[in-house]
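Encoded as C-alpha cells, the structure appears first; notes follow it.
The values are calculated or read from the model by the stated rules, or taken from the named source; none is laboratory data. All values reported here derive from a predicted model rather than from experimental measurement. For neighbour counting, all protein chains shown are included, and Cβ atoms are generated from backbone atoms with ideal geometry for every residue, glycine included. Each accessible area value is taken on the protein alone, full model and side chains, heavy atoms only, with ligands, DNA and RNA left out. Shrake-Rupley method; radii C 1.70, N 1.55, O 1.52, S 1.80 Å.
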Amino acid sequence: MATVHRIAPAPVVTLGQAADAYLSTLRGAEQASTRRTYGRVLRWAVTEFGAGISPDEIGPERFAAWFGAQWAERSPSTWNVSLDAVRSAAAYWMRQGWLAADFTRQLERRRPRPDRSRALSRADVEQLLGREDIALRERVLWRMAYETAARSAELLGLNVEDLDLPNRHARVRRKGGAIDIIVWQTATARLLPRLLKGRTSGPLFVTERKARVQLSAADLDEHGRARLSYQQAEALFAKASGGSTLHQLRHSALTHDAEDGTGTPMLMARSGHTSVRSLAKYARVSAEALARHQAERDPARRR
C-alpha cells in the first residue's frame with residue numbers, strides 16, 4: 001500500500017513580513033525616494049492593522065475608513081502618492097499569493113488641483129541670479145539650474161569629470177537612471193572656471209569645509225570636501241529667495257521657454273521628460289505672459 005504524505009500548509013505571511021518583502025524590491029538607487037515615501041505609508045498601515053495579521057484580514061471598508069481619516073484633508077498629490085504606495089504593495093502581495101483581493105478597491109485617485117503659480121517671473125529670476133552678495137557656488141548652481149532646466153538632484157550629482165567646458169555641456173543621470181546631456185549658456189560658462197579653481201575630479205558642488213563623517217570616496221573632492229546635499233542647497237535658496245524652491249528655477253525655465261514658443265520636442269530634451277503629459281504642467285503660460293500677449297495685440301495700442 002502506498003504511503004500517504006500529508007502536505008503541510010504553506011506558512012502564513014504576516015502584514016509586517018509582506019511590507020518588508022515589498023520594500024526590498026525597491027532596491028535601485030533611483031528608487032531611494034520612492035522607498036522612503038512608500039515605506040513611511042506602509043509602516044503606518046502596519047501600525048494601524050497589526051504586524052502579525054495576514055494581509056487578507058484587512059477589509060476594504062475598514063481600510064477605506066482609516067485611509068480617509070489619514071489623508072482626506074491632504075492635497076490630491078499626497079493622497080495619490082499614499083494610495084499608490086499601498087496599492088503597489090497590494091498588487092505585489094497578490095502576485096505572491098499572499099492576498100486574494102485588493103483591499104484598496106473602494107478608493108480612487110484624486111485629480112490634482114491645477115497649480116499655475118509655480119513659475120517665478122522673469123524679473124524675479126534675474127534678480128536672484130544677478131545678486132553679487134551670494135556665494136559663488138550658489139550663483140553657479142542657480143544659474144545652471146535655470147539655463148539647463150535640469151533637476152537640482154541631477155546638478156548636485158555632477159562630477160567635474162562629467163563637464164565638457166568647451167562645448168558647454170555635461171552628462172547627467174536623469175530621474176530613472178538614464179544618462180543624458182544638459183547644455184548651459186554664457187553666464188554659467190563664465191562662472192564655472194572660477195568655481196573649479198583647477199579641480200579636475202570629484203563632485204562639482206561641494207561643502208565649504210572638509211567632511212566630518214565617513215563618506216564614500218565618490219562624494220569627496222581632492223581636498224576632502226563633501227558633495228553638497230540637496231537639503232543644504234534647498235535651504236540656502238529658500239533663505240535667499242524668500243521661500244521659493246530650487247525646483248521653481250527648473251519650472252520657470254521651461255515655462256518661459258514655452259511662452260517664447262519653444263516646441264514640445266525641445267522642451268522634452270531640455271527637461272529630460274519622456275512623457276508629454278509630465279511636461280504639460282511646466283508649459284502653462286503665466287499670468288505675466290498672458291498680460292504681455294494681450295497688451296501686444298490690443299487694437300487700441302496700434303492706433
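For segment 268-301, give me each residue that is among the polar types (S, T, N, Q), open to solvent by 50 Å² or more (accessible area, probe 1.4 Å) and closer than 12 Å to Leu254 by Cβ. Selection gives Ser278 alone. For first residues located in segment 254-268 and without any contact (Cβ under 8 Å) to a residue 24 or more places away in the chain, partners that are surrounded by fewer than 15 Cβ atoms within 10 Å (Cβ to Cβ) and of a type in the set (A, V, I, L, M) and lie 6+ apart or on another chain with Cβ distances below 7 Å form the pairs Thr264/Val276.
Applying the selection to segment 42-73, what residues are part of a helix (DSSP H, G or I), open to solvent by less than 80 Å² (accessible area, probe 1.4 Å), out of contact with any Phe, Trp or Tyr (no Cβ under 9 Å at 6 or more places or on another chain) and among the aliphatic types (A, V, I, L, M)? Within segment 42-73, Val46, Ala65 qualify.
For segment 208-256, how many residues are of a type outside the set (A, V, I, L, M, F, W, C) and under 22 Å from the mean Cα position of the chain (by Cα)?
20
Taking residues in segment 156-175 that are farther than 9 Å from Leu204 by Cα, and partners anywhere that are of a type in the set (Phe, Trp, Tyr) and surrounded by 18 or more Cβ atoms within 10 Å (Cβ to Cβ), the pairs with Cβ atoms closer than 7 Å and at least 6 places apart or on different chains are Arg168/Trp184. A single entry from Val4, Val46, Val12 fulfils the requirement of being modelled with pLDDT of 95 or more and over 30 Å from Arg173 (Cβ atoms): Val46. For segment 127-137, indicate whether the set of residues that are among the β-branched types (Val, Ile, Thr), at negative phi and in a helix (DSSP H, G or I) is non-empty. Within segment 127-137, none of the residues are among the β-branched types (Val, Ile, Thr), at negative phi and in a helix (DSSP H, G or I). Just one of (1) among the hydroxyl-bearing types (Ser, Thr, Tyr); (2) modelled with pLDDT of 95 or more; (3) open to solvent by 10 Å² or more (accessible area, probe 1.4 Å) fails for Ser121. It is (2).
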